[in-house]
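Single-structure report; data block below.
What follows is calculated from the coordinates using simple rules that are stated; it is not laboratory data. Since we're looking at a predicted model, the values are computed, not measured. As a convention, Cβ positions derive from the backbone with ideal geometry for all residues, glycine included, and neighbour counts pool all protein chains shown.
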Amino acid sequence: MIGSRYIVAAMICLLMLIASANKSYAQYMNRLYDYDSTHDWGLNLFVKNDNTYFVVGGAMRTGGRWGQINMNISEDGSTILSKHRIQNDSAYLYGGDYGQAKRIPTGGYLVPIVVQYPNYVTGYLYSMACLLRYKENGDTVFMKTYTDTSTYFERILNCDIMPDGGYIGGGGHGLNVPTYYPGLIVRTDSLGDTLWTHTYQIHATQSVEVNAVLSLPDGRIVAGAQSRYDVVTPALDVYYHFTPWFMVLDSAGTIIRDTVYGSKYGGGGKLYRDTIEGYVHTGQIDTLAYPRVPENYQNLPYYIAHLDTNFRMSWITRFSYNNKGRRQPMTVKQLHDGNYLAVGYTGKWPKLWGWAAKIDRSDGSIIWEHYYVSDSLNDNYLSDGAEKADGSLVFTGATFNDTLPSYRRVFDVWLLGTDSNGCPTPLCFEDTTTPPPTVIAEVHQEHTFSLYPNPTRGSFTLQSSGSGTFTLFTLLGQNVASFAISKGSEELYMPRQMPAGIYLGVYRPDDGTEPHELKIMYQP
């Protein structure tokens, strides 16, 4: 009996040694910079060859004017080696999307920003799409805008480096009036001067935002976008639906091939390069349907999916609402082992935590996930992350200072260093606030569905073996009503003032299985 206990203990020690061999430790860090002073926040993070850090972010000075900053920070996080700030006395300088700045192979960094000019008298404003290039030390090489007149509300939110040394930027192109606007792509040479600009729109009644541009070795461009259309409920409420739209463009910006996703996959359209094959896509499952309201975030989980080169989905992982609230990936990076690092935040309003998760590339399962707090104990979030040569991780983001009257307007740059398993301390897994790793990759199963009576005079019963969304369309494809369906039987009603006729009903199960379609005859 005693001998067996020794054997068990020896096996446990051996397993611990094996596990520790696959775990590297960084200089643990949890630091804030410029606390309560210049109001800065981190948006992009790079690890330099000497293991120091380059943080690109935003700034706000007294009076509320937004600007841009960058910082070089020492390896242990104790010292700001240099800091540069760009301000404009008449314009706001907004950073692009989280984690979208790029390192230039010949040295330095390319940053997408938006230059916005407000008019405090009339309320009129316009903005210009802009690319900003920094040197390695943070000095500015150029800051160039791309617009024709003050009529437009243009923006660049993401960028990439082209094989010929030029640049590409993606965003939106709108007018300063309530209207539907197209997506925008700008192509420049290595000096940032315009080669061409193009706008892209699926339909005249849908707005498009280009959320990702990726260069291919042969000069083609891959773009990820979202196309927004308005959904009007029978109660005349309006909410937005965002459909992912993926495009392959030739070197002149002409669409060669494109793919539009169905209505189940909502906000996002963000696309990241997979260095092995295909792409990583993030978005938001859109199970929001009448009569649910947009504030019900439990019905709008974010997701990460792997796509092949034809934009077909290999797997999808939902980040469902849990006891910490809503998990939202702000950016995705690929690690040295091929797996993915999702970086962002989670929380139940008004409390926010930093959050990160490691995702298995092969099937989308969650290898680990952690929640993080800064030393300030205030709300905080993470916006970008990077992997060091030894496998350890470092993140940047911001923390709020909610003790001041200007609630959520005072920020500090947050730099967090963890080991390769995302642990911010050696006792990470003993932290009871960190839930155990969970596998939530989507599993598909068949659903049964029926509807009666048909024809209907206005009411009908829908039976389903699972939850989903039931949508009514005219035969011309116009969306006239949408209903959230629970498992079992549910009585539904045709929207008011709908004319008699034949309509198409489409039931989409929440688990992603094939939708059911049928024609409904309405005879009021």
Using alpha carbon coordinates only, what is the Rg to Rh ratio of the stretch 451-514, with Rh defined as the Kirkwood radius? 0.95
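Is the stretch 65-220 rounded, prolate or oblate when judged by the Cα gyration tensor, a ≥ b ≥ c being the square roots of its eigenvalues, rounded requiring a/c under 1.5 and prolate requiring a/b larger than b/c? Before the final figure, lay out each step's value.
Details: a/c = 2.16, a/b = 1.28, b/c = 1.69.
Because a/c hits 1.5 or more and a/b fails to exceed b/c, the stretch 65-220 counts as oblate.
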Measuring from label point to label point, each 7 Å out along Cα→Cβ, what is the Asn88 to Asp189 span in nm? 2.4
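Arrange the peptides 182-193, 478-489 so that the one whose residues have, on average, the most other Cβ atoms within 10 Å appears first. Please list the in-between numbers first.
Details: 182-193: 19.9, 478-489: 16.2.
Those peptides, ordered most packed to least, come out 182-193, 478-489.
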